[in-house]
1. Output yes when any residue across region 24-40 is touching a Phe, Trp or Tyr at 6+ places or on another chain (Cβ under 8 Å) and of a type outside the set (Gly, Ala, Ser), and no when none is.
2. Would you point out which residue out of Gly96, Gly101 is under 16 Å from Pro133 (Cβ atoms), small (Gly, Ala, Ser) and within 15 Å of the chain's Cα centre (by Cα)?
3. Open to solvent by 20 Å² or more (accessible area, probe 1.4 Å) and touching an Asp or Glu at 6+ places or on another chain (Cβ under 6 Å): is that true of Pro10 in this structure?
4. For Thr30, all conditions in the list (1) part of a loop (DSSP other than H, G, I, E, B); (2) without any contact (Cβ under 8 Å) to a residue 12 or more places away in the chain; (3) of a type outside the set (Gly, Ala, Ser) hold save one; what is the number of the exception?
5. Within region 102-114, work out how many residues are within 19 Å of Leu45 (Cα to Cα), surrounded by fewer than 19 Cβ atoms within 10 Å (Cβ to Cβ) and in contact with a Lys or Arg (Cβ under 9 Å, 6 or more places away or on another chain).
6. If we scan region 118-138, do we find a residue that is open to solvent by less than 30 Å² (accessible area, probe 1.4 Å), touching a Ser or Thr at 6+ places or on another chain (Cβ under 9 Å), within 22 Å of Glu34 (Cβ to Cβ) and of a type outside the set (Val, Ile, Thr)?
7. Considering region 125-157 alone, what residues qualify as being among the acidic types (Asp, Glu) and at pLDDT 95 or above?
8. Quick one: which of Glu34, Glu72, Glu55 is open to solvent by 70 Å² or more (accessible area, probe 1.4 Å) and either under 23 Å from Ala141 (Cβ atoms) or not aromatic (Phe, Trp, Tyr) (or both)?
Amino acid sequence: MTELGPVAWPPAPIRTERLVLREPEARDRTAFIELLASAEVHTYLGGPRPRDELEREMPEVPARWPGSFVVELDGAMIGQILLRRATEHLRPAAAGKVDLGYLLLPRAWGLGYAAEACAAALDWLDGVLPGEPVVLTTQSANVRSMHLAAKLGFTEVERFRAWDAEQWLGLRSPVTPSRTARS
């Protein structure tokens, strides 16, 4: 996965009703380690990474690259939104498209934060790369993620087997000026 292309980075923080999406900072390091070491978070992602390994390898300012947003609630990181170009995706239908990924700490689940943060990130992407299609891949067993994908406007392109599980690939069609005018 590579950068998004000609996008000015970092953008001004994106504010929603309850959240702020912003560039990662040094103060987020502990939350990133918690996120990546969580067995709950990684149930459908191949398992967590060992905490001691993360402590050694995590840079002072984690994930600082275009498309990596910290999801902040009340001044604290609760998750991450990732927008990356899927240049080497396993499925041809996704190759070269922007891929949406997200991780939230378990204490933030079930409160609508993932939908709010993903929608804000997609709105930002529509503004900086108009007409860009977006893909999302999740395990079909991940019911919450499947529900969120539908809520965000992703439709199924295909299902495939990878990492010993059935995967679901969805596509969000490009937002065009005429389409947004009708919304």
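The values are calculated or read from the model by the stated rules, or taken from the named source; none is laboratory data. What you are looking at is a predicted structure, and each value in this text was computed from that prediction instead of being measured. Note that each Cβ is placed from the backbone with ideal geometry, even for glycine, and that neighbours are counted across all protein chains shown. All accessible areas refer to the heavy atoms of the entire protein, side chains included, with ligands and DNA or RNA removed. Shrake-Rupley method; radii C 1.70, N 1.55, O 1.52, S 1.80 Å.
1. To start, the set of residues in region 24-40 that are touching a Phe, Trp or Tyr at 6+ places or on another chain (Cβ under 8 Å) comprises 24.
This time we only want the ones that are of a type outside the set (Gly, Ala, Ser), so: 24.
Yes, region 24-40 contains a residue that is touching a Phe, Trp or Tyr at 6+ places or on another chain (Cβ under 8 Å) and of a type outside the set (Gly, Ala, Ser).
2. Values: Gly96 fails: within 15 Å of the chain's Cα centre (by Cα).
Gly101 is the lone residue from the list that is under 16 Å from Pro133 (Cβ atoms), small (Gly, Ala, Ser) and within 15 Å of the chain's Cα centre (by Cα).
3. Details: open to solvent by 20 Å² or more (accessible area, probe 1.4 Å): yes; touching an Asp or Glu at 6+ places or on another chain (Cβ under 6 Å): yes.
So Pro10 passes the test.
4. Evaluating Thr30 over (1) part of a loop (DSSP other than H, G, I, E, B); (2) without any contact (Cβ under 8 Å) to a residue 12 or more places away in the chain; (3) of a type outside the set (Gly, Ala, Ser) leaves (1) as the failure.
5. Qualifying residue count, region 102-114: 2.
6. No, the conditions are met nowhere in region 118-138.
7. Residues of region 125-157 that are among the acidic types (Asp, Glu), as a first pass: 126, 132, 156.
Correct list: Glu156 only.
8. Numbers: Glu34 fails: open to solvent by 70 Å² or more (accessible area, probe 1.4 Å); Glu72 fails: open to solvent by 70 Å² or more (accessible area, probe 1.4 Å).
Being open to solvent by 70 Å² or more (accessible area, probe 1.4 Å) and either under 23 Å from Ala141 (Cβ atoms) or not aromatic (Phe, Trp, Tyr) (or both) holds for just one of Glu34, Glu72, Glu55, which is Glu55.
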